[in-house]
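FYI, it's all coordinate maths here, none of it is from the lab. Every value quoted in this text rests on a predicted model; they were computed, and no experiment measured them. Quick reminder, even Gly has a Cβ in these numbers, built from the backbone with ideal geometry, and neighbours come from all protein chains shown.
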């Protein structure tokens, strides 16, 4: 299996779980946060929904410099908009997971803010990092939802809410 095929398979698997988690966010809690230093659910969910676009960014650019390209998140107001953003981001990310890009996965990619380097890695490692970020932030969203007493669906098997534990 090529690296591109592996990433595509992982995107497909993780999108199923991510879609379930994004769809159960209580819309009346979009501005809720568990702590003043935490993101709001809206910010966290939007970030999760946009992360598949990092696949395209990794394969079509050599770096992201926050000093010259500040982050301007899309504002979502309901779960339909959130899921539409996620689906659009998936289409975007999948569009670059083609065999013609296999050689690009070994090229270098840099994340920076001006002269400050945050991460230097290969484009393949950047794709892997983006997928890990989706999983990490999805788990973070799960904690938020648990604190709001929202039943959590299973990710890789049943959750405590899916069974009689």
* **Calculated P(r) of region 90-165 - Cα pairs past 15 Å, %** => 70 percent
* Structure fact -> Helix-only [θ] at 222 nm, the chain, -39500 (n - 2.57) per DSSP H run of 4+, per residue, nearest 500, equals -16500 deg cm²/dmol
* Any chance you could list the semi-axes, whole Å, largest first, of the equivalent ellipsoid that the Cα gyration tensor gives for region 1-44, using √(5λ)? => 31, 13, 6
* Let a ≥ b ≥ c be the square roots of the eigenvalues of the Cα gyration tensor of region 17-68; is it rounded (a/c under 1.5), or, if not, prolate (a/b larger than b/c) or oblate? -> oblate
* Asked: Tell me, 38, 99 in order of fewest to most beta-carbon neighbours within 10 Å?
  -> 99, 38
* Percentage, to the nearest whole number, of Cα pairs in the chain over 24 Å apart -> 40 percent
